[in-house]
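Enquirer: One structure, pasted below without further comment.
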Amino acid sequence: MAGEPQPDEIVHNLVRLRICGLLRPVDALTFSTLGETLGLSRPTLSKHLRVLTDAGYTTTTRSSSDERDDRRQIVWVRLTGAGRRAFDGHVAALQRITSP
(Lines give C-alpha, C1' and ligand atoms only; values in the text may rest on other atoms or scores of the structure.)
Protein backbone atom coordinates (compact mmCIF):
# COMPACT_ATOMS: atom_id res chain seq x y z
CA MET A 1 0.00 0.00 0.00
CA ALA A 2 1.14 3.51 -0.76
CA GLY A 3 2.72 5.40 2.10
CA GLU A 4 3.39 2.32 4.21
CA PRO A 5 6.98 1.59 5.18
CA GLN A 6 8.70 -0.89 2.91
CA PRO A 7 11.52 -3.33 3.66
CA ASP A 8 14.89 -2.09 2.46
CA GLU A 9 16.92 -4.66 0.54
CA ILE A 10 20.24 -3.11 1.58
CA VAL A 11 19.41 -2.97 5.28
CA HIS A 12 17.70 -6.40 5.18
CA ASN A 13 20.98 -8.36 5.26
CA LEU A 14 21.39 -9.51 8.87
CA VAL A 15 24.91 -8.10 9.28
CA ARG A 16 23.93 -4.72 7.82
CA LEU A 17 20.76 -4.70 9.92
CA ARG A 18 22.87 -5.23 13.04
CA ILE A 19 25.35 -2.51 11.98
CA CYS A 20 22.51 -0.03 11.48
CA GLY A 21 20.92 -1.11 14.76
CA LEU A 22 24.13 -0.37 16.64
CA LEU A 23 24.66 2.96 14.91
CA ARG A 24 21.05 4.19 15.16
CA PRO A 25 21.07 5.37 18.80
CA VAL A 26 24.57 6.93 18.74
CA ASP A 27 26.37 9.67 16.84
CA ALA A 28 29.19 7.33 15.77
CA LEU A 29 31.11 4.19 16.66
CA THR A 30 34.66 3.21 15.83
CA PHE A 31 35.28 0.61 13.16
CA SER A 32 37.01 -1.58 15.75
CA THR A 33 34.09 -1.30 18.21
CA LEU A 34 31.65 -2.37 15.49
CA GLY A 35 33.84 -5.32 14.52
CA GLU A 36 34.36 -6.47 18.09
CA THR A 37 30.70 -6.07 19.07
CA LEU A 38 29.46 -7.98 16.02
CA GLY A 39 32.26 -10.55 16.06
CA LEU A 40 33.25 -9.71 12.49
CA SER A 41 36.63 -9.77 10.81
CA ARG A 42 37.95 -6.51 9.40
CA PRO A 43 37.42 -7.63 5.77
CA THR A 44 33.85 -8.74 6.43
CA LEU A 45 32.95 -5.52 8.22
CA SER A 46 34.61 -3.48 5.45
CA LYS A 47 32.57 -5.31 2.81
CA HIS A 48 29.27 -4.58 4.53
CA LEU A 49 30.18 -0.97 5.30
CA ARG A 50 31.09 -0.49 1.62
CA VAL A 51 27.55 -1.57 0.63
CA LEU A 52 26.02 0.79 3.21
CA THR A 53 28.32 3.65 2.20
CA ASP A 54 27.67 3.14 -1.53
CA ALA A 55 23.94 3.39 -0.76
CA GLY A 56 24.52 6.63 1.17
CA TYR A 57 23.53 5.04 4.49
CA THR A 58 26.86 5.40 6.32
CA THR A 59 29.90 7.63 6.25
CA THR A 60 33.35 7.19 7.72
CA THR A 61 35.82 9.72 9.01
CA ARG A 62 39.33 9.35 10.35
CA SER A 63 40.83 11.08 13.34
CA SER A 64 44.10 11.02 15.21
CA SER A 65 44.34 9.40 18.59
CA ASP A 66 46.27 10.88 21.48
CA GLU A 67 46.51 7.40 22.97
CA ARG A 68 48.53 5.98 20.05
CA ASP A 69 52.25 6.38 19.54
CA ASP A 70 52.04 5.56 15.84
CA ARG A 71 50.37 7.45 12.99
CA ARG A 72 47.39 5.13 12.64
CA GLN A 73 44.05 6.86 12.82
CA ILE A 74 40.73 5.89 14.33
CA VAL A 75 37.97 5.25 11.79
CA TRP A 76 34.57 6.51 12.92
CA VAL A 77 31.39 5.16 11.32
CA ARG A 78 28.16 7.18 11.27
CA LEU A 79 24.65 6.47 10.05
CA THR A 80 23.51 9.23 7.67
CA GLY A 81 20.04 10.76 7.64
CA ALA A 82 19.20 8.51 4.69
CA GLY A 83 20.54 5.53 6.63
CA ARG A 84 18.41 6.37 9.66
CA ARG A 85 15.31 6.70 7.48
CA ALA A 86 16.07 3.41 5.69
CA PHE A 87 16.65 1.57 8.99
CA ASP A 88 13.59 3.06 10.67
CA GLY A 89 11.44 2.27 7.62
CA HIS A 90 12.76 -1.27 7.47
CA VAL A 91 12.05 -1.88 11.16
CA ALA A 92 8.56 -0.37 10.77
CA ALA A 93 7.88 -2.63 7.78
CA LEU A 94 9.00 -5.68 9.76
CA GLN A 95 6.76 -4.65 12.65
CA ARG A 96 3.84 -4.24 10.27
CA ILE A 97 4.49 -7.69 8.76
CA THR A 98 4.71 -9.37 12.16
CA SER A 99 1.76 -7.61 13.82
CA PRO A 100 -1.56 -9.46 13.83
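Enquirer: Return the loop-located trypsin sites (Lys or Arg not before Pro) in the chain (DSSP other than H, G, I, E, B) with at most 16 other Cβ atoms within 10 Å of their own Cβ; answer none if there are none.
Expert: Passing sites in the chain are ARG68, ARG71, ARG72.
Enquirer: Would you check the accessible area of ILE10, probe 1.4 Å, heavy atoms only, in square angstrom rounded to 10?
Expert: 50
Enquirer: Label SER63 and THR80 with points 7 Å out from Cα along Cα→Cβ: what is the distance between them in nm?
Expert: Rounded to a tenth, the inter-label distance reads 2.1 nm.
Enquirer: May I ask you to give the percent of accessible area on the chain that is carbon plus sulfur, with a probe radius of 1.4 Å?
Expert: On the chain, the fraction of accessible area on carbon and sulfur atoms equals 52 percent.
Enquirer: For the chain, set up a Gaussian network in which alpha carbons nearer than 10 Å are linked by springs, and say which option among THR59, THR33, THR80 fluctuates the most.
Expert: Looking only at THR59, THR33, THR80, the largest GNM fluctuation is found for THR33.
Enquirer: Still on this structure: Evaluate E = 1/(1 + (r/R0)^6) for VAL26 and ASP88, where r is the Cβ-Cβ distance and R0 equals 22 Å; express this FRET efficiency to the nearest 0.05. Show your work: numbers first, answer last.
Expert: Working: r = 15 Å, r/R0 = 0.68.
According to the calculation, E is roughly 0.90.
Enquirer: Still on this structure: Using each residue's phi in region 91-100, evaluate 6.51 cos²θ - 1.76 cosθ + 1.60 at θ = phi - 60° and report the 3J(HN,Hα) Karplus result to the nearest Hz, with x for Gly and Pro.
Expert: 4, 4, 5, 5, 5, 5, 5, 8, 8, x
Enquirer: Would you mind getting the accessible area per residue of the chain, heavy atoms of the protein chains only, 1.4 Å probe, in Å²?
Expert: Working: 6500 Å² over 100 residues.
Result: 65 Å² per residue.
Enquirer: Given a cut-off of under 8 Å on Cα pairs at least six residues apart, what relative contact order in percent is computed for the chain?
Expert: 39
The values are calculated or read from the model by the stated rules, or taken from the named source; none is laboratory data. Being a predicted model, the structure only gives us computed values, none of them experimental. Ideal geometry is used to build each Cβ from the backbone, glycine not excepted, and the neighbour counts take in all protein chains shown. What goes into the accessible areas is simple: the full protein's heavy atoms, side chains included, and nothing from ligands, DNA or RNA. Shrake-Rupley method; radii C 1.70, N 1.55, O 1.52, S 1.80 Å.
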